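Here's the structure we're looking at; comments come further down.
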Amino acid sequence: MSQLCADSQLFQVLSLRLSASQTRRLSHLRLLVNSLLLGSVLTTMASTMAQAKDLTELRLIEGDIITSSKPSVSGIATRSISLSGASQLWVDGIVPYGIDPELPKGSVTAVAAAVEHWNKVGGVTLVSLDDWPSGQEQPRDSILFQPGSGCASWVGRLGGQQEVWVADNCTSGSIMHEIGHVLGLEHEHTRPDRDQYITINWDNIAEDKRHNFDVAPAGSRILGDYDYESIMHYGPSNFSVNGKETITPLLVSADVIGQRIVPSRGDLDSVAQLYAADLSIVTQVYSDAQGSEVTVHISNELAQGANTIDVDVQIGATQLIQSAGTGWDCGVQVESQVSCSLSRLAGSSSSKLTLTLKGVVDARQVTAVVRSKTPDGDTQNNEDNFDTAIEPTQASALADPATLTTTTTVSYGGAAFWLWPGLLLLLFQRLTGERIYGQARDRIES
Ligand SMILES: [Zn+2]
């Protein structure tokens, strides 16, 4: 079953109104009034949401997940903490989006803020269809932010254009929640291990709303630790029939859950983990009397593609004659550096950048630093070459972009004859280097 997930701002208002600390202060009379109000508002909201769109084939579950009454083509259950496979993730982490001209200005501003926030995260990039590169074919799959009676979204990539509902009262935080669904995140409280962290108070939930609290099916993918602060977590009183808590957290106070301000660190890490690629790099240098050639090969060994890849190549005292490589775009040489970019690198593929240089280059001066907005999911296999290393730009790992560095000399004279002696020489240098490092470490430890 395909799904669209909705998180009505109205629910949040009600949730805030009936948050645990406030609920304790309410008199019995106010509780009763609130209960009646809540019940009536939820009923009204459900009916207005149903009227808002042609819902002959659509329905909402868990308050804000849009689902189709049709069985999914793949037959894959998508109701999980995140999607279980890569097939419903966004290709190369690029999410093309459009904005319905009917969307009010305030909502457009809220959407822009939500998009900007998610775009800081490694792995995913939301690109406006208005900014789509003119040379590139229009994307087949995209999302459209459009007016709706609530905030709601499908979970993951459906294929084609899919809707994200933005009601007038949806804040940038609740739109961030919906984008979380777009990227493939499910509600945190549906995790299969949730009973260790929360209690569902079934008696406080209307019978026809209890399905919103079902545990995700077996096989769903759990990412990281249970995250009370997730922007994908329900508040303590969502779908309450009597004003009492529907979710009671076991390890934190109730006011921690249900925030709709920004994605938590756990949310960012989960998305970065979902969209991680597996990058590695090899640089080769060929020189002869006619000139030199530097090639940079970047490979991605995972099915998930990467986006926004930049390479800085140091070419020493030589001069760049030309650059070549499918999809590569290089700037002019600045001092000894040539900077090139590749907008995306598909899953299970590689790309080659070739720089033609004037004169003989000193191969020891050639280095390449590769950065990708997409995190490198496996840092153990980057050493396709000597001296290849990862340089994280920030201390924490997965939500940050990948940076790979290589300083490589593989062959001289452009002939295979020189390849193996060159490798042996480098191996010797490497072993020597390690021994020196080992001695230095011994000294430090003693
Ligand atoms: Zn939701």
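Observations on the model:
- For peptides 252-259, 321-328, sequence by mean Cβ density within 10 Å, most packed first: 252-259, 321-328
- Taken as Cα centroids, segment 187-221 and segment 330-382 sit 47 Å apart, rounded to the nearest whole angstrom.
- Each of LYS352, LYS209 has some number of other Cβ atoms within 10 Å of its Cβ, and from fewest to most they run LYS352, LYS209.
- Put a dot 7 Å past the Cα of SER128, heading toward its Cβ, do the same for SER253, and the two dots end up 4.1 nm apart.
- For segment 117-165, projected area of the alpha-carbon convex hull averaged over all directions, nm²: 4.4 nm²
- Each of SER336, SER149 has some number of other Cβ atoms within 10 Å of its Cβ, and from fewest to most they run SER336, SER149.
- Packing-based ranking, highest mean first, of 272-285, 172-185 given that Cβ atoms within 10 Å are counted: 172-185, 272-285
- Label-to-label distance, ASP195 versus HIS211, with points set 7 angstrom from Cα along the beta-carbon direction: 2.2 nm.
- In summary, segment 323-370 shows an alpha-carbon radius of gyration equal to 1.27 times the 2.2 N^0.38 Å reference for compact globular proteins.
- Translational diffusion coefficient (Stokes-Einstein; Kirkwood radius from C-alpha pairs) of segment 262-354 at 20 °C, 1.002 mPa s, in µm²/s: 144 µm²/s
- Alpha-carbon gyration tensor eigenvalues x 5, square-rooted, for segment 132-264, Å: 30, 17, 14
- Per-residue Cβ neighbour counts within 10 Å put ASP100, ASP288 in the sequence ASP288, ASP100, beginning with the fewest.
Since every read-out is calculated from the coordinates, none of them should be taken as a lab result. Just so it is clear, the model here is predicted, and its values are computed rather than measured. Because the Cβ atoms are built from the backbone with ideal geometry, glycine has one as well, and the counts that use them run over all protein chains shown.
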